[in-house]
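**Q** Take this structure, written in structure tokens, and hold onto it; I'll ask about it next.
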Amino acid sequence: MTSIRSRIADFLLKEQKEKLERAGEIFLDAYSRGPSMLSPEELVSRLGELDSRYWDLIARQISNQSGGFSQTTETDRVRLVEWSRRMTDNDVITESIIGIWTDFGYGVNLDVVPRDKSAQDIWKDFWTRSENSRVLGQRYVQDLSNTVLRDGDILLVFFIDKLDGSVIIRVVQSTEIKGGVRGDGVFTTDEDTSIPVYYRREYASPDGTEHIVFYPDWQADEESLKKVGKAIKDEGEGELAEFIKPQTDVKAILVAHRIRKIRGWPLMSTGLPWSTAYRDFLQNRAAVARAAATYVDTLKVKGGQRAVDLVKASIQSTLATNSTNQERNPPPAAGSTWIGNDNIERSRLSMSTGAGDAATDSAALLAQAGLAGRVYPHWLGRGEAYRLATATSMETPVLRSFNRYQLFWSSVWSDVAHVVFGAANKYGTSSIEEMEVDVNTDALLTADVTQIVNLFESIGTLKDKGIVDPQKMDPAIKQLMRLALQALGVRNVNDILPDKLVPKEQPIPDALAPFAGKVNPPGAVTKPGEPVPPKQPTENPPIPKVGS
């Protein structure tokens with residue numbers, strides 16, 4: 001219950017309290033939108049109704065770069081990560097853009113194939129291991145891309161069994177990597193602050209116990225690990241992961257997208273304010289459309305107040321004046337006929353919502369939100385505003401971005417393969433030399449089977465005519481076959497392609513069957529410069545005639 005003092009304060013300081021509440025709303029809006037949508041000048045102008053001492057203090061803080069508008073910090077990154085998570089869950093544009101990047105850039109059908117055949121069984125055991133199914137299973141592997149695009153980065157942690165070299169993979173969320181001198185949870189050496197050595201994870205177990213664990217980077221050298229690890233142990237605020245389980249080796253890979261310094265930033269970092277503005281705009285337009293959908297008629301009555309009251313009483317519900325809860329004057333059914341005289345004039349209010357201008361305004365907001373994700377409006381449901389030629393020409397930068405994203409994840413899987421194969425070599429019985437992998441994913445463009453067939457027919461013609469060297473052409477044909485099968489969505493391409501392209505033997509004609517295996521049967525054509533073999537003697541040579 002509100003105290004007497006609070007009620008007196010509300011009564012005496014009502015105006016000041018309302019101003020402070022409006023100022024709080026303005027600051028909350030500025031915090032959520034950020035400097036890209038609400039500049040310091042606009043913020044100051046919106047706070048102009050307050051006491052000059054307040055906004056003058058804000059202006060001086062901004063000019064001294066202490067207001068947070070001029071530079072990005074780890075606090076700004078964490079705020080954007082939290083905002084990106086909320087928008088991904090609640091905003092259709094942000095969710096759609098992240099889904100498009102995962103479907104096209106990351107791929108639906110992911111297939112990672114080691115180049116070394118001796119490493120394929122080790123990789124298959126790692127990929128299909130039941131302990132790793134929550135990360136690498138078909139239902140969950142796409143979540144890696146969604147999380148990276150939403151949060152900017154994730155930490156892949158590998159627990160390696162020192163007895164046999166088997167590897168278990170786990171994922172650490174971006175917001176759990178924090179703390180340290182810079183606040184971003186990354187510990188480096190003093191000599192090179194761009195190379196990570198340890199990652200500091202701060203999290204709570206289900207029982208509420210707080211934990212701090214330091215995971216070593218997979219590329220950190222022994223000298224850096226000892227130096228930075230000693231400093232961490234001297235601080236005594238957490239545990240080094242490699243000492244938690246004595247028979248387990250721990251490695252970590254930071255998968256960071258759109259890197260600034262070391263940590264990654266969400267895909268929609270610059271587009272979240274515009275996506276928010278677009279959503280607010282559509283919500284306002286929905287309210288306008290809903291109001292316009294309610295038909296409103298006006299009645300103009302000739303006469304004084306008595307005439308107005310009479311008409312009002314005749315058309316209003318009897319429930320307004322009757323206490324019996326019985327309706328004796330129900331509203332007319334839809335489409336009923338209006339009957340009146342010259343004393344009553346009925347007209348309908350305008351139902352225009354300004355949809356034309358609203359479409360133009362909303363297109364500009366959607367374009368800004370889409371540009372942050374390199375996706376154009378016709379990919380986000382506004383295809384009616386673009387012709388086919390215009391939309392097709394816009395696809396080039398989008399496809400380039402997706403292609404770069406594919407290369408990004410190819411490098412990630414290459415690093416993962418180095419960890420897995422390195423563990424097998426170090427703790428297992430393997431001796432894998434080639435640690436690279438081929439990443440097969442969906443083609444960005446739909447493959448035309450006819451063009452692929454024509455390509456191979458042309459290559460075969462060149463080979464048959466001797467225009468190209470067959471020995472040099474076979475590796476190129478095999479690589480083209482690999483690309484063609486990948487474009488068609490075929491998985492496990494290495495299992496399908498032969499090691500060598502062996503030409504098919506041609507059938508021997510029946511006339512030459514008796515001479516099969518001989519160097520030059522009768523009637524055979526010799527190569528240029530090769531001597532013609534002598535004729536073979538027959539078993540019964542003909543007897544020469546007398547006198548011949």
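Every residue, every condition in (1) under 30 Å from Ala367 (Cα atoms); (2) of a type in the set (S, T, N, Q); (3) in contact with a Leu (Cβ under 9 Å, 6 or more places away or on another chain), yes or no:
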position: Thr209; (1), (2), (3): no, yes, no
position: Ala220; (1), (2), (3): no, no, no
position: Pro246; (1), (2), (3): no, no, no
position: Ile253; (1), (2), (3): no, no, yes
position: Ala256; (1), (2), (3): yes, no, no
position: Gly271; (1), (2), (3): yes, no, yes
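**Q** If you don't mind, there's one more thing I want to ask. Here is a list of conditions, (1) part of a helix (DSSP H, G or I); (2) at pLDDT 90 or above; (3) surrounded by 11 or more Cβ atoms within 10 Å (Cβ to Cβ), and Glu223 meets all of them except one; can you say which number that is?
**A** Failing condition for Glu223: (3).
**Q** With respect to the numbered conditions (1) closer than 16 Å to Ala369 by Cα; (2) surrounded by fewer than 16 Cβ atoms within 10 Å (Cβ to Cβ); (3) within 16 Å of the chain's Cα centre (by Cα), which one is the sole condition not fulfilled by Asp89?
**A** The number of the failed condition is (1).
**Q** Has the stretch 265-282 got any residue that is closer than 30 Å to Ala417 by Cα, surrounded by fewer than 22 Cβ atoms within 10 Å (Cβ to Cβ) and of a type in the set (Ser, Thr, Tyr)?
**A** So far as the stretch 265-282 goes, no, none of its residues is closer than 30 Å to Ala417 by Cα, surrounded by fewer than 22 Cβ atoms within 10 Å (Cβ to Cβ) and of a type in the set (Ser, Thr, Tyr).
**Q** Can you tell me which residue in the stretch 99-133 is nearest to the chain's Cα centre (by Cα), limited to those that are of a type in the set (S, T, N, Q) and buried (at least 17 other Cβ atoms within 10 Å of the Cβ)?
**A** Once the filter is applied, the top-ranked residue is Thr102.
**Q** Can you run down the residue pairs with Cβ atoms below 6 Å, 6 or more apart or on separate chains, where the first is in the stretch 329-345 and without any contact (Cβ under 8 Å) to a residue 12 or more places away in the chain and the partner is not hydroxyl-bearing (Ser, Thr, Tyr)?
**A** Between residues of the stretch 329-345 that are without any contact (Cβ under 8 Å) to a residue 12 or more places away in the chain and residues that are not hydroxyl-bearing (Ser, Thr, Tyr), the close pairs are Trp338/Arg346.
**Q** Continuing with this model, one more query. Identify, by number, the condition in (1) farther than 30 Å from Ile97 by Cβ; (2) at pLDDT below 85; (3) in a helix (DSSP H, G or I); (4) not acidic (Asp, Glu) that Tyr295 doesn't meet.
**A** It fails just one condition, (3).
**Q** In the stretch 138-150, is there at least one residue being at pLDDT 90 or above, touching a strand residue (DSSP E or B) at 6+ places or on another chain (Cβ under 7 Å) and either of a type in the set (Lys, Arg) or over 28 Å from Ala372 (Cβ atoms) (or both)?
**A** No: the stretch 138-150 contains no residue that is at pLDDT 90 or above, touching a strand residue (DSSP E or B) at 6+ places or on another chain (Cβ under 7 Å) and either of a type in the set (Lys, Arg) or over 28 Å from Ala372 (Cβ atoms) (or both).
**Q** Given (1) in contact with a helix residue (DSSP H, G or I) (Cβ under 8 Å, 6 or more places away or on another chain); (2) of a type outside the set (Ser, Thr, Tyr); (3) touching a residue at least 60 places away in the same chain (Cβ under 8 Å); (4) within 30 Å of Asp125 (Cβ to Cβ), where does Asp184 come up short, assuming only one miss?
**A** Status for Asp184: all satisfied but (4).
**Q** Shifting gears a bit: May I ask you to verify whether Asp192 is more than 15 Å from Lys245 (Cα to Cα) and not hydrophobic (A, V, I, L, M, F, W, C)?
**A** yes
**Q** Answer yes or no: is there a residue in the stretch 211-218 that is over 30 Å from the mean Cα position of the chain (by Cα), more than 30 Å from Gly428 (Cβ to Cβ) and surrounded by 15 or more Cβ atoms within 10 Å (Cβ to Cβ).
**A** No, the stretch 211-218 has no match at all.
**Q** From the list Ala358, Ala333, Ala313, pick out the single residue that is at pLDDT below 75 and either outside any helix (DSSP H, G or I) or farther than 24 Å from Thr270 by Cβ (or both).
**A** Just a single option satisfies the conditions, and that option is Ala358.
**Q** If only one of Val439, Val416, Val412, Val420 is assigned to a strand (DSSP E or B), at pLDDT 80 or above and either loosely packed, with under 12 Cβ neighbours inside 10 Å or of a type outside the set (D, E, K, R) (or both), which one is it?
**A** Step by step, each of Val439, Val416, Val412, Val420 is checked, and only Val439 is assigned to a strand (DSSP E or B), at pLDDT 80 or above and either loosely packed, with under 12 Cβ neighbours inside 10 Å or of a type outside the set (D, E, K, R) (or both).
**Q** Hey, another quick one. Pick from the stretch 67-118 the residues that are under 18 Å from Asn146 (Cα atoms), in contact with a Pro (Cβ under 7 Å, 6 or more places away or on another chain) and of a type in the set (A, V, I, L, M, F, W, C): which of them is modelled with the lowest pLDDT?
**A** Going through the qualifying residues, I end up with Leu80.
**Q** Continuing with this model, one more query. How about the stretch 134-165: which of its residues are surrounded by fewer than 20 Cβ atoms within 10 Å (Cβ to Cβ) and more than 24 Å from Thr102 (Cα to Cα)?
**A** Within the stretch 134-165, Phe159, Asp161, Lys162, Leu163, Asp164 meet the criteria.
**Q** I've got another one for you. If I ask for residues that are of a type in the set (Phe, Trp, Tyr) and in contact (Cβ under 8 Å) with a residue 24 or more places away in the chain, which ones from the stretch 82-134 would you list?
**A** Passing the criteria: Trp83, Trp101, Phe104, Tyr106, Trp123, Phe126.
**Q** I'd like the full set of residues that are of a type in the set (A, V, I, L, M, F, W, C) and either out of contact with any helix residue (DSSP H, G or I) (no Cβ under 9 Å at 6 or more places or on another chain) or outside any helix (DSSP H, G or I) (or both), limited to the stretch 259-277.
**A** Ile259, Ile262, Trp265, Leu267, Met268
Conditions (1) out of contact with any Gly (no Cβ under 7 Å at 6 or more places or on another chain); (2) in a loop (DSSP other than H, G, I, E, B); (3) of a type outside the set (A, V, I, L, M), marked per residue:
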{"site": "Ile169", "(1), (2), (3)": "yes, no, no"}
{"site": "Thr175", "(1), (2), (3)": "yes, no, yes"}
{"site": "Val181", "(1), (2), (3)": "yes, yes, no"}
{"site": "Asp190", "(1), (2), (3)": "yes, yes, yes"}
{"site": "Ser194", "(1), (2), (3)": "yes, yes, yes"}
{"site": "Tyr199", "(1), (2), (3)": "no, no, yes"}
{"site": "Gly208", "(1), (2), (3)": "yes, yes, yes"}
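**Q** From the residues in the stretch 187-210 that are loosely packed, with under 12 Cβ neighbours inside 10 Å and of a type in the set (Asp, Glu), which one is nearest to Thr175 (Cα to Cα)?
**A** Glu210
**Q** So Asp103 fits all but one of (1) more than 25 Å from Glu395 (Cβ to Cβ); (2) out of contact with any helix residue (DSSP H, G or I) (no Cβ under 6 Å at 6 or more places or on another chain); (3) acidic (Asp, Glu); what number is the exception?
**A** (1)
The values are calculated or read from the model by the stated rules, or taken from the named source; none is laboratory data. If you're wondering where the values come from, they're calculated on a predicted model, not measured in any experiment. As a convention, Cβ positions derive from the backbone with ideal geometry for all residues, glycine included, and neighbour counts pool all protein chains shown.
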